[in-house]
1. Give a residue-ordered list of calculated ³J(HN,Hα) values for region 48-53 (Karplus: 6.51 cos²θ - 1.76 cosθ + 1.60, θ = phi - 60°; whole Hz; x for Gly, Pro).
2. Sort T282, T411, T347 so the one with the fewest other Cβ atoms within 10 Å of its own Cβ comes first.
3. Hey, fewest Cβ within 10 Å first, where do T68, T215 land in order?
4. Taking a threshold of 29 Å on the Cα-Cα distance, which of the pairs K52/K404; K52/K235; K109/K297; K82/K113 fall above it?
5. Which loop-located chymotrypsin sites (Phe, Trp or Tyr not before Pro) does region 150-203 contain, where loop means any DSSP state but H, G, I, E or B and the Cβ has at most 16 other Cβ atoms within 10 Å?
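Values in this text are rule-based calculations from the coordinates and carry no lab data. A quick note: this is a predicted structure, and the numbers were derived from the prediction, not measured. Cβ sites come from the backbone with ideal geometry, for glycine too, and all protein chains shown count toward neighbours.
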Amino acid sequence: MSDASARDILSRREWLWTAGGGFGALAMGAMAAQAGTNPSAPHGGHLKARAKRVIFLFMEGGPSHLDTFDPKPLLNRLAGQKLPSSFGSVVTSMGTADAPLLASQRAWKQHGKGGLWVSDWLPNIAQRADDLVVVRSVWCDAINHSAGVCQMNTGTTMGGRPSLGSWVLYGLGSENENLPGFVVLTDGSASVTNGARNWGAGFMPAAYQGTKIETTGPTLPGLVAKEIVASDRQKRRGALLGELNRAHAARTPADTELAARIASQELAFRMQAAAPEAVDLTHETPATRALYGIDRKETANFGKMCLMARRLAERDVRFIQLYSGAGSRWDAHANIEKNHALLCGGTDQPVAGLLTDLKQRGLLDDTLVIWGGEFGRTPMSEKGDGRDHNPWGFTMWMAGAGLKGGRTVGTTDELGLRAVDERMHVHDFHATILALLGLDHTRVLWRHKGRPERPTINEGEPSLAILA
């Protein structure tokens, strides 16, 4: 085949744009319109926004609500007995839940003007009690970690859908053209359950996926040049690549994946200058570093992550997610005292420092901070001194975004097994987050294979109790 003949062959997309007067390209045009020429360009939402950005502190593995924010005196009185029949029966991740009830060893106190109950595992967060809205009635559909982490991040227990951060970036765009609009940091202890699927864009263009920033070693290794290139030569390379990409895009106007790749390459070039400065903590004062616990071995790692999150929030990164206990380290089937004491000790001061720092800098009013995991823990014991997975009722909290703090929303039953009042499914929780950002979850729409897709999978309602 000659070169000329090869050039005359149309791609499927080009054929759609030319055959039948272009009617076959209508669907492709709709897809292109969804993504736009700049997929992450900032735009407004549907409602009055209370927050401009989110910092999601994800405690992977399922922290125990019964030992942190949801005290249950009856649990301690019935410790050692079987679950009363009046509470019904459940099947846990380890089988039928017929193990004896396990008392909480924590000391509890009320804190702040609102009298919020917080255990002695979190003394620093307790000092920020009047900033917190503690939601004690969240529930989900997952009994194991993979499904639970997937649902808390994407709304469903099965992989393949866009993450919440991707929906937020799609719905609002990014206000910083030199940094990703969605950034993920992990504590480096292990691989996060499900990996990059948790912050993936699913069926939407890759421009909406999260960018993982390393917290050990090179922060952004993909941006480090493999060869030393003079700045003027680098600019000429970028200009040539941009010219070739635009020429190719002009021939395939409906190729949204190509548009996403071009936007990603251009962002990566700009990030080479902006990103290293954004995560450089060397210019922070000793007092600020101490506030986050960076001067202590136990809290240094998560403290650095929380301080990076504040610096990214200052630079208007839209969605910032931090993973504590990557690899399900909050999973405490045995020896919950040792497990949670270690993890609470490593995160309590950094999280409190983040809330304090955001407030001092005037950022907490328009930043929504979220804390929690994929599920909670059971009142029944596991292996004698641990707790099993509990998807039927557990605790998350929110702070900032103009929310009235120092209060609880919802309750679990007297043993902390099931949500009973103001029950809030993950879809409701996500709808509430979106509402605080000014997005109506029913109107954040992406058409995938002709089907209208929404972040809450056509379910859920924002919590009026939280928004009040």
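1. My calculation for region 48-53 gives 6, 7, 9, 10, 9, 8 Hz in order.
2. Arranged by neighbour count, lowest to highest, T282, T411, T347 become T282, T411, T347.
3. The fewest-first ordering by Cβ neighbours comes to T215, T68.
4. Correct reply: K52/K235; K82/K113.
5. F203
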